[in-house]
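The values are calculated or read from the model by the stated rules, or taken from the named source; none is laboratory data. Small disclaimer: the values here were computed from a predicted structure and weren't measured. As a convention, Cβ positions derive from the backbone with ideal geometry for all residues, glycine included, and neighbour counts pool all protein chains shown.
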Amino acid sequence: MTGTRDGADRVVRVDPDDALDAVVDDPAAGGTYVLLFELSSVASVEVGALGRFDLPAGSYAYVGSAFGPGGFARAERHRRHLAGDDRTVHWHVDSLTTRREASFVAALLLPAVDVECAVARRLPPGPIDGFGSSDCACRSHLSVASVAVAEQCVTAVLDADRSV
């Protein structure tokens, strides 16, 4: 399967078998991303200074930005974690993506669009306050959400601001 774009070419969906450079024109340019993954069973995770949490099995969405060096290589790094290829923990989300219970479902990439906090605020509440949001005023950048819900939230944010 190859990556797919929405009708307005603003969102690129990356599925498990997709090569990032085959679905994004310029992966180094970066933008906002929504990482979608599942926990197959309860996962007990230590999230830095936030503490230890037991997360139930289910679908999760994590919203991040990839505007630094490497651009969407950051989202690709998370996908490698979920495949079990890398277990280095640096960010809050790594405490989940490095778990054996976690598997990659998809990633929604918004090239050259900075709507990380707008998407995070639109998603359903997350299980851990402060997760991934230590550099902003958002409650959390982790949500309990399916692919369909995440796609609806991204579309709503983009539709609300036609300048993006």
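At a glance:
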quantity: Selection within segment 130-149 - among the hydrophobic types (A, V, I, L, M, F, W, C), touching a Ser or Thr at 6+ places or on another chain (Cβ under 7 Å) and closer than 16 Å to residue 51 by Cα; calculated: 131
quantity: Residue 25 of a type in the set (Asp, Glu) and part of a strand (DSSP E or B); calculated: no
quantity: Number of the condition not met by residue 97 [criteria: (1) out of contact with any Gly (no Cβ under 9 Å at 6 or more places or on another chain); (2) at pLDDT 90 or above; (3) polar (S, T, N, Q); (4) surrounded by 17 or more Cβ atoms within 10 Å (Cβ to Cβ)]; calculated: (2)
quantity: In segment 12-41, residue farthest from residue 112 (Cα to Cα) [restricted to those that are β-branched (Val, Ile, Thr) and modelled with pLDDT under 90]; calculated: 14
quantity: Near pairs, Cβ below 8 angstrom, 6+ apart or cross-chain, from segment 72-83 (buried (at least 20 other Cβ atoms within 10 Å of the Cβ)) to any residue that is among the β-branched types (Val, Ile, Thr) and at pLDDT 70 or above; calculated: 72/24; 75/14; 78/93; 78/97; 79/14; 81/97; 81/98; 82/97
quantity: Test result for residue 159, at pLDDT below 90 and assigned to a helix (DSSP H, G or I); calculated: yes
quantity: Number of the exception - residue 137 against (1) modelled with pLDDT of 90 or more; (2) surrounded by fewer than 21 Cβ atoms within 10 Å (Cβ to Cβ); (3) in a helix (DSSP H, G or I); (4) not β-branched (Val, Ile, Thr); calculated: (3)
